[in-house]
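Have a look at the structure that comes next, please.
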Amino acid sequence: DAGVIQSPRHEVTEMGQEVTLRCKPISGHDYLFWYRQTMMRGLELLIYFNNNVPIDDSGMPEDRFSAKMPNASFSTLKIQPSEPRDSAVYFCASSVGQGKTQYFGPGTRLLVL
Amino acid sequence: RKEVEQDPGPFNVPEGATVAFNCTYSNSASQSFFWYRQDCRKEPKLLMSVYSSGNEDGRFTAQLNRASQYISLLIRDSKLSDSATYLCVVSGATGNQFYFGTGTSLTVIP
C-alpha cells in the first residue's frame, strides 16, 4: 500500500524565493495535516483539513504561509517569500476519522539560505 | 505551559534492560493518547495507542493515568533496534488536533 507521499524530499532555496511543498494523502483518508519539525520547537501542527476543507490554521506562522487542498488526493503548502528561519522538516500526515492514528509522509527537508 | 511535556533524555541503556518513559499533558479534556517512534531523519510512526486500562504489545507496555494526566511507556528486554526518539502524543479536546512532545531519545548499547 502506498503511504503518504511528499515531494520534494529535499529543497534548498534562497531567501525571498517561493517554495511549494506537495502531499498526497493515503487514499480514503479524510483528514490531512501539515506539520513542521525543528530541533528547537519539535513537531508543530500548522494546519489541518477535513474533507478538503481547512479546519484550523492557527498554527500557520504568518501570512507568508498558505495551504490548499483542491481535492481529496492532493495538498500544497506554500511559503512566499521564504526566510532562513523557515528551514525545517515539513511533514504531511493523514488519518481516517476523528482523533485516529495519523500516518506521516517522509517529510520535505527545507533549507532556506 | 506546553500541552505535552517529556523528559528529553537521552537514555542510554544496555541491551536487555528495562526502560520507562514518562509524559504529562495539560488538557484534562484530551481524548486520545499515543506513543510514536521516530528514527533519525525519518518520519514519526505509530508505536502504540494508549488506553485507559493500559495496554501491552509484546515488550512494550503503555499506561494512562487520567487523574494525574500522565502517560508512560515501558520497554522490556531492550534491543539495539529500539534506539530511536519516542514521542508522546495527546489529542486536543475535539480529538482532531494532536500535540506532540519534544521526544525522549533512547540509545540501546551492545
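If the Cβ limit is 8 Å and pairs must be 6+ apart or interchain, which residue in the stretch B:15-43 that is more than 14 Å from chain A (Cβ to nearest Cβ) and without any contact (Cβ under 8 Å) to a residue 60 or more places away in the chain pairs with which residue that is surrounded by fewer than 21 Cβ atoms within 10 Å (Cβ to Cβ) and aliphatic (A, V, I, L, M)?
Matching pairs, first to second residue: B:A20/B:L74.
I would also like to ask the following. Identify all residues within the stretch A:57-99 that are closer than 13 Å to A:H29 by Cβ, surrounded by fewer than 18 Cβ atoms within 10 Å (Cβ to Cβ) and either touching a His at 6+ places or on another chain (Cβ under 7 Å) or not polar (S, T, N, Q) (or both); write none if there are none.
Result: A:A72, A:F74, A:V96, A:G97.
Does the stretch B:25-37 contain at least one residue that is under 15 Å from the mean Cα position of the chain (by Cα) and assigned to a loop (DSSP other than H, G, I, E, B)?
yes
Continuing with the same structure: If a residue has to be at the interface with another protein chain (Cβ under 8 Å from one of its Cβ atoms), buried (at least 20 other Cβ atoms within 10 Å of the Cβ) and not aromatic (F, W, Y) to count, how many in the stretch A:100-113 make the cut?
3
Next question. Sort out which residues of the stretch B:81-97 are more than 10 Å from chain A (Cβ to nearest Cβ), under 16 Å from the mean Cα position of the chain (by Cα) and of a type in the set (A, V, I, L, M), and write them in order of number.
B:A84, B:V90
Filter the stretch B:25-41 down to residues that are at pLDDT 95 or above and not aromatic (F, W, Y) and give me whichever is farthest from A:G97 (Cα to Cα).
Checking each candidate, the answer is B:D39.
Another question, then. Among the residues of the stretch B:45-92, which ones are hydrophobic (A, V, I, L, M, F, W, C), surrounded by 13 or more Cβ atoms within 10 Å (Cβ to Cβ) and touching a residue at least 40 places away in the same chain (Cβ under 8 Å)?
Once the filter is applied, which keeps residues that are hydrophobic (A, V, I, L, M, F, W, C), surrounded by 13 or more Cβ atoms within 10 Å (Cβ to Cβ) and touching a residue at least 40 places away in the same chain (Cβ under 8 Å), the stretch B:45-92 yields B:I71, B:L73, B:L74, B:I75, B:A84, B:L87, B:C88, B:V89, B:V90.
The values are calculated or read from the model by the stated rules, or taken from the named source; none is laboratory data. Because the structure is predicted, anything quoted here is derived from the model rather than measured. Note that we place each Cβ from the backbone using ideal geometry, even for glycine, and neighbour counts take in every protein chain shown.
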